[in-house]
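The values are calculated or read from the model by the stated rules, or taken from the named source; none is laboratory data. Keep in mind that this is a model prediction, so the values were computed, not measured. Cβ coordinates were reconstructed from backbone atoms using ideal geometry, including for glycine residues, and neighbour counts include every protein chain displayed. Side chains are part of the model used for accessible areas, which takes the heavy atoms of the whole protein and leaves out ligands, DNA and RNA. Shrake-Rupley method; radii C 1.70, N 1.55, O 1.52, S 1.80 Å.
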Amino acid sequence: MEPQLPKTRLICTLTATTIDALSEQMSQAASTGCDTVECRLDYLGPPPGPGDVAAIVGACDLDVIATCRPVREGGKFTGPEADRLAILQAASDAGAGYIDVEADVPPGERPGGAVISSRHDFEACPENLDELAAGLDASDAAVNKIAFTASSPSDALRAFDVIRSSSKPTIALAMGPAGLPSRILAGKAGAFGTFASLAGGLESAPGQPTVAALRDLYRWDHIDADTEIYGVIGCPVAHSMSPAIHNAAFGATGINGVYVPLLIEPGGENFNDFLDAVLARPWLDWRGLSVTIPHKHNALDFVGAENCDPLAVRIGAVNTITISPDGAVRGDNTDYAAAIDALCDAMGITREDLAGREVAVLGAGGAARAIVAALAHYKARTTIYNRTVARGEALAADFGAQAAGLDAAEAMQAEIVINCTPIGMHPLIDASPLDRIPESVKVVFDTIYNPIRTKLLAAAEAAGCLTVTGLDMFVNQAAAQFEMWTGKQAPRDVMRQVVMQHLDS
Ligand code: NAP
């Protein structure tokens, strides 16, 4: 067990532009469950006088960090430097717990009080990050703060290194969407605090989540030095439902884990850099990764075929990486099993019972490839119907299936149809890949999960077919990941509920 450090502060940053609005924000912040507020006094226009500052600070029940950021450090204050420092001194005199003073203010001019010495880089992660961090650490400030712009989640891990190597309480943040893990996991790294906004649109820096997102979605109150970390790698990744699903599952099962989004730009080097950075830091207790577009093949390359499920290797895609405490990695593809089990469970048959059954797969992309590979493995007789016939033929050749154009699908003789095209997906919900359900068809599985009941499934129901939804597949694959990583039974009902709530919202 890692030694437990003082609880990392959840700091709600307040960016109101008038004193009245700031008071209102303060009372709202008190009800969010944050423990500290940062009053961004530079947002106020006109700038507050000493009496205003004293009233603002005095009225707050929570601990206050007073900040009056100048334009040169990414803030809004445009007045004389002496006025700015006087505002901070007034805040300190009025009882603010901390005042944030930029590191470039000469020591002789610094206001007195408990100082957070801060540096910001809105362009990149500075090449001399370690040197800058050491400089902050050597000052006589009470707290170090360094915020820089992330180009990859690896930069978030560099922020953790800064926190862990400092001799004083430290805030180190990687800004921007790729840096989000540095904010969510500040408690894991033992940071002095992390900043969060009161509501969407009120952020004081790029990539800042809301207090509610940190607490309700990212398990802020449960994260400590022993928390195990998981995440989803993708580009884009902000839309992913996986953090909500897995974090709810950790909550429901009492597992000390957290799951974060990881925005990694396309390219094997970017993928490898991040994985190397994770494996170089065993203290992170990083135990699992979901992998989505465009990195599933990169994941296979990184893990190596010898460490992967052979069917994942045949599919050419790893969507799940499991990391052991000793740093060993394993790759799996939960998509194929999720799809096949959704189908077999609905039909009340085993995977082996698929042998010899006629199956029509519509589409020849990534989802189709995983499903066709599994159907071949379990000896079903598969025909692929795809818009681009050559692509369907190439997939069929890889797995001993047949291929035809999508327009030939209605003449099929299959018992089971599996739609792996996006036709009928939100927002074009009035479309269907089949104009009518062919006579031979008894089971229709649509891998689309938004909407859950597609036009194709509605037609299949009307024709008396058994139907299988993409939601079943989606929940199955997330549950399979959870079970691989934790060795515990996944709370499927909770996971399904989370997906349905997201689809409703
Ligand atoms: P993909 O790799 O982009 O492949 C899309 C396939 O659909 C291709 O075969 C493409 O044909 C075909 N297609 C696309 N638009 C079409 C159109 N307007 N008319 C005819 N054919 C069209 O995508 P994917 O990753 O395989 O995903 C496909 C679908 O599977 C997604 O939309 C999603 O709904 C579903 N899915 C569900 C889950 C789940 O967990 N439930 C997981 C993954 C995917 P061409 O080859 O001619 O371009």
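The table that follows gives values for the structure above.
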{"quantity": "Violating pairs (Cα-Cα greater than 24 angstrom) within the set Lys379/Lys488; Lys296/Lys455; Lys379/Lys455; Lys7/Lys168; Lys76/Lys188", "calculated": "Lys379/Lys488; Lys296/Lys455; Lys379/Lys455; Lys76/Lys188"}
{"quantity": "Mean shadow area of the range 115-225 over all directions, Cα convex hull, nm²", "calculated": "6.5 nm²"}
{"quantity": "Accessible surface, the range 324-367, averaged per residue in Å² (probe 1.4 Å)", "calculated": "37 Å²"}
{"quantity": "Semi-axes of the equivalent ellipsoid for the range 336-468, Cα gyration tensor, largest first, Å", "calculated": "20, 17, 14"}
{"quantity": "Cβ-based net charge around Ser151, under 12 Å, with every Lys or Arg adding one and every Asp or Glu removing one", "calculated": "-4"}
{"quantity": "DSSP bridge orientation in the range 234-332 - percent antiparallel, rounded to nearest 5", "calculated": "80 percent"}
{"quantity": "Heavy-atom surface of the range 123-248, accessible at 1.4 Å and reported per residue (Å²)", "calculated": "32 Å²"}
{"quantity": "Computed lengthening from Asp221 to Leu428, 0.36 nm per intervening residue step minus Cα-Cα distance", "calculated": "70.5 nm"}
{"quantity": "Pairwise centroid distance, computed over Cα atoms, of the range 131-194 with the range 321-377, Å", "calculated": "41 Å"}
{"quantity": "Sparsely packed trypsin sites (Lys or Arg not before Pro) within the range 1-100, loop by DSSP, other Cβ within 10 Å at most 16", "calculated": "Lys7"}
{"quantity": "Label-point gap, in nm, between Asp435 and Leu62 - each point 7 angstrom along Cα→Cβ", "calculated": "6.0 nm"}
{"quantity": "Protection proxy ranking of 476-488, 126-138 - average other beta-carbon atoms within 10 Å, highest first", "calculated": "476-488, 126-138"}
{"quantity": "Projected label distance in nm at Ala138 and Ala328, using a 7 Å step from Cα toward the beta-carbon", "calculated": "4.5 nm"}
{"quantity": "Probe 1.4 Å, accessible area per residue of the range 380-474, Å²", "calculated": "48 Å²"}
{"quantity": "The range 464-505 versus the range 5-59: alpha-carbon centroid distance in Å", "calculated": "41 Å"}
{"quantity": "Dimensions (Å) - the chain, Cα atoms, principal axes, largest first", "calculated": "84, 45, 39"}
{"quantity": "Karplus (6.51, -1.76, 1.60) ³J(HN,Hα), θ = phi - 60°, over the range 448-454, in Hz, Gly and Pro reported as x", "calculated": "5, 10, 9, x, 5, 9, 7"}
{"quantity": "The chain - percent of accessible surface contributed by carbon and sulfur, probe 1.4 Å", "calculated": "52 percent"}
{"quantity": "Bins of 10 Å from zero: percent of alpha-carbon pairs in the range 9-224", "calculated": "9, 37, 39, 15, 0"}
{"quantity": "Ranked by how many other beta carbons lie within 10 Å on average, peptides 308-314, 55-61 from highest", "calculated": "308-314, 55-61"}
{"quantity": "Partners for Lys442 among aspartates and glutamates (Cα-Cα distance below 16 Å; same-chain residues under 8 apart left out)", "calculated": "Asp345, Asp353, Glu358, Glu410, Glu415, Glu461"}
